[in-house]
1. Going through region 177-224 one residue at a time, which ones are of a type in the set (S, T, N, Q), at pLDDT 95 or above and in a helix (DSSP H, G or I)?
2. Among the residues of region 44-53, which ones are part of a helix (DSSP H, G or I) and open to solvent by less than 40 Å² (accessible area, probe 1.4 Å)?
3. Quick check: anything in region 79-93 open to solvent by 60 Å² or more (accessible area, probe 1.4 Å), in a helix (DSSP H, G or I) and in contact with a Leu (Cβ under 7 Å, 6 or more places away or on another chain)?
4. Pairs under 7 Å by beta carbon, first residue part of a loop (DSSP other than H, G, I, E, B) in region 258-273, partner open to solvent by 10 Å² or more (accessible area, probe 1.4 Å), six or more apart or different chains?
5. Out of the residues in region 263-304 that are polar (S, T, N, Q) and surrounded by fewer than 22 Cβ atoms within 10 Å (Cβ to Cβ), state the one that is nearest to GLU316 (Cα to Cα).
6. Quickly run through region 111-132 and pick out the residues that are among the aromatic types (Phe, Trp, Tyr) and either part of a loop (DSSP other than H, G, I, E, B) or open to solvent by 80 Å² or more (accessible area, probe 1.4 Å) (or both).
7. Working only within region 131-168, note down all residues that are farther than 17 Å from ARG112 by Cα and of a type in the set (Lys, Arg).
8. Taking the condition of being open to solvent by 80 Å² or more (accessible area, probe 1.4 Å) and not in a helix (DSSP H, G or I), how many residues in region 133-166 meet it?
Amino acid sequence: MDTPPPQSTNPGQASNHAKVVELSKKGYQQFKRNRYREAKETYRQALELDPHNPYALTGLGDVLRQLKDYRGAEESYRKVLEQNPRNLFSLRGLGDTMRDVENYAAAVDLYRSYLELRPDDIFVITRLADSYKTLNRNDDAEKTYHRGLGVNPRDHYLLMGLADLYHKMGSHELAIEFYEKVLELSGPMVNIHTIVGNLARRRCEFDRAEFHYRKVLEQEPNNTYALYGLGDTYRWRRDYPKTIKYWERILELSEGTVQMLSRLGDVYRNLGSYLEAERTYLLALSKGYEKFSLLGLAKLRCLQGRLDQALACFDEFLKKEGADRKIIFELGDLLVRTGRQEEALAFYRHAQSKKELPSRMREMVEEQLAKLEEGGP
């Protein structure tokens, strides 16, 4: 506690004081052993002898907080602070209680009061920074995390908190930097390697992403998140056989997501493996409507020369998604580029007939149709 127990010259008071001290010590030992209900009773016995004893009140507050009696904990801490607003243990305990009940604004005020008295307490600095982050006071959170790192630049929780803050803020380069500092200090951590792999992949830092996904797979060879991420890095590099290797591994372990199945179908289609592409698109669509799987299947049908089925896919897409100029011309251009001029004409005529097309889009389709009929590209 902040101050030594008060001394008394009265024998009766001295006897009571000694009993309170012994009971407080006993309650603390019970608390440390997680015997919270016994500790609660012991502290209550101490408070029957001395209702204002700050040690017993603070100890009781700590016990009640562990028992999730937050109202009782708050009452105990506040009784101490009414006597001594600078009592560190009750300031911290009440701050933690306010954080437990998600009153983060109150927690911030209490932690700041505590740090005015003990400015280098790294545990409370971390809690203050975390509370600022929860309140979306990102600038204050950033400054507070860095304040803590000034005390201990290798603190795991501060580094992790700052990395998460930058992740939340969309500052992915800084998030990666601090997540990697966590990994340097803590060694391999599957969840952090996965997060960094995903962030690096979004930044098109594929070598860095691959490094982190492989670190995950060294520990968990069947981790589907890492298998997906690694496969996707190869997809972006257009190394499609390796993409297939990792994504088919996922399908050996699970059903896979519709998004992955759609992209796997595209990979097979890009490689000219039309039967595998068809199998994969149909598997995705068997789980329910998914526009990219349907679009991929429409493109595949164009490449297979199965125009009727391509038109059926187009009609379903139009019904579900509405008219999309990009999709219409993607399908038409695909037919033209693969030498299917007559099928392209038939496709544009089919699109032209659709009442769902806005007038300007219909005019563009008619212009393209006229060019094709004249023998143009």
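1. Selection gives ASN191, THR194, ASN198, GLN219, THR224.
2. Answer for region 44-53, where residues must be part of a helix (DSSP H, G or I) and open to solvent by less than 40 Å² (accessible area, probe 1.4 Å): ALA46, LEU47.
3. Scanning region 79-93, I find at least one residue that is open to solvent by 60 Å² or more (accessible area, probe 1.4 Å), in a helix (DSSP H, G or I) and in contact with a Leu (Cβ under 7 Å, 6 or more places away or on another chain), so the answer is yes.
4. Within 7 Å, the pairs are LEU271/TYR240.
5. SER286
6. Answer for region 111-132, where residues must be among the aromatic types (Phe, Trp, Tyr) and either part of a loop (DSSP other than H, G, I, E, B) or open to solvent by 80 Å² or more (accessible area, probe 1.4 Å) (or both): just PHE123.
7. ARG154, LYS168
8. Going through region 133-166 one residue at a time, the tally reaches 4.
The values are calculated or read from the model by the stated rules, or taken from the named source; none is laboratory data. Small disclaimer: the values here were computed from a predicted structure and weren't measured. Every residue, glycine among them, receives a Cβ derived from its backbone with ideal geometry; neighbour counts consider all protein chains shown. These area figures cover heavy atoms from the full protein model, side chains too; ligands, DNA and RNA do not enter into them. Shrake-Rupley method; radii C 1.70, N 1.55, O 1.52, S 1.80 Å.
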